[in-house]
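To start, the structure under review is shown below, and the notes come after it.
What follows draws every value from the coordinates through simple rules; no lab data is involved. In this text, all values refer to a predicted model and were calculated from it rather than measured experimentally. Glycine gets a Cβ as well: all are built from the backbone with ideal geometry, and neighbour counts include every protein chain shown.
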Amino acid sequence: MDKKIIVAIDGHASCGKSTFAKMIAKELGYIYIDSGAMYRAVTLYSLRQGFTGSNGTDRESIIKELSSISIRFSYNADTGGYETYLNNENVEDEIRSIEISGYVSEVSRISEVRKRMVELQREIGVFKGIVMDGRDIGTVVFPDADIKIFLTASVEVRAMRRFLELKEKGVEANLEEIKSNIEERDRMDSSREISPLIKAEDALLLDNSNMTPERQMSWFRELLKKKGS
Ligand code: DC
């Protein structure tokens, strides 16, 4: 495709959005942006400051400190991936913990947090040539995105994939705990008042429960062809 486009990938928790988005970005020579990492970084900041935790979430303090939170992505040539920086600290690994996963839906339902993140996301996408994944990319962040995909998979398949991924990294994990975290995040992300997780009317639904990443890419190439590139 000569003209640079925006590809928006939304969908349920842990259904392989980032794997798919990264593969598409690589194939098209585009930038990949993981919008969930931005919400995870705000959550890490809030946890460290004691603004969120097992005693609940202090929305006012998070809102007050939003201007002190800087988030950026930096490309790591060694790993070939983008890494998340919170106030100039590389937090890529820390934001993936199950603890952050447990609080992130709570923090990401604060409207001021969302407003700030959406602003940043739009700034990053201003020149197009970007693949962004998340929950509200096709509905709110880039409603005019050229390609919108809504990804899903059965909760059992998603939990097992995540379990194996953690196991491979040497992280001890409990399958049932992962499954209930995924279900709870889906519930909270889909039921929140502001920009809930819903399929944009013009998004293509893809259930990848029985698809390999390679098969997904063939599906995407067909889609690009149909879009006239
Ligand atoms: O994509 P992820 O699982 O890393 O996202 C973590 C959480 O961030 C997700 O449970 C909800 C929130 N999120 C969001 O509200 N909007 C987005 N665009 C991306 C993520």
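Residues 215, 162, 192, arranged from fewest to most other Cβ atoms within 10 angstrom of their Cβ, appear as 215, 192, 162. Ordering 213, 223, 198 by the projection of their Cα atoms onto the charge dipole of the stretch 151-229, which places +1 on the Cβ of Lys and Arg and -1 on the Cβ of Asp and Glu, puts 223 at the extreme positive end. Between helix 175-191 and the chain there is an angle of about 80 degrees, using the helix long axis and the longest principal axis of the Cα atoms. Multiplying the residue separation of residue 76 and residue 120 by 0.36 nm and subtracting their alpha-carbon distance yields 13.8 nm.
All Cα-Cα distances of the stretch 66-134, cut into 10 Å bins from zero to the largest, leave 16, 47, 34, 3 percent in each bin in turn.
Neighbour counts of C-beta atoms inside 10 Å place 218, 105 in the sequence 218, 105, starting with the fewest. Computed log10 I(q)/I(0) for the stretch 140-229 at 0.21 Å⁻¹: -1.14, from the Debye equation with unit scatterers placed on every C-alpha and solvent omitted. Rounded to the nearest 0.05, the FRET efficiency derived from the C-beta distance between residue 164 and residue 90 at R0 = 35 Å is 0.90. Sum up the charges of everything whose Cβ sits under 14 Å from the Cβ of residue 222, counting Lys and Arg as +1 and Asp and Glu as -1, but leave residue 222 out. That sum, taken over residues with Cβ under 14 Å, equals +3. Computed over the chain, the per-residue total of -39500 (n - 2.57) for DSSP H runs of n ≥ 4 gives a 222 nm mean residue ellipticity of -14000 deg cm²/dmol, rounded to 500. In the stretch 111-183, what chymotrypsin sites (Phe, Trp or Tyr not before Pro) fall in a loop by DSSP, with at most 15 other Cβ atoms inside 10 Å? For chymotrypsin sites (Phe, Trp or Tyr not before Pro) across the stretch 111-183 that sit outside H, G, I, E and B with at most 15 neighbouring Cβ atoms in 10 Å, the list reads 127.
Ordered by the count of other Cβ atoms within 10 Å of each Cβ, fewest first, 57, 43 give 57, 43.
Derived value for the chain: Kirkwood hydrodynamic radius 18.1 Å. Basis is the mean of 1/r over every pair of different alpha-carbon atoms.
Taking the C-alpha atoms only, the angle from helix 213-226 to the longest principal axis of the chain is near 60 degrees.
Comparing Cα centroids, the stretch 174-229 and the stretch 72-148 end up 16 angstrom apart. Computed extension gain for residue 177 through residue 54, at 0.36 nm per residue and net of the alpha carbon distance, reaches 42.6 nm.
Dividing the C-alpha radius of gyration of the stretch 1-91 by 2.2 N^0.38 Å, with N its residue count, gives 1.29. Helix 35-49 axis versus longest C-alpha principal axis of the chain: approximately 10°, rounded to the nearest ten. Remark: the stretch 14-112 carries a charge dipole of roughly 260 debye about the Cα centre, counting +1 on each Lys and Arg Cβ and -1 on each Asp and Glu Cβ. Ranking 57, 102, 6 by Cα position along the charge dipole of the stretch 1-145, where only Lys, Arg, Asp and Glu carry charges on their C-beta atoms, puts 6 farthest toward the positive end. Each Lys and Arg Cβ is given +1 and each Asp and Glu Cβ -1; about its Cα centre, the chain then shows a dipole of about 640 debye.
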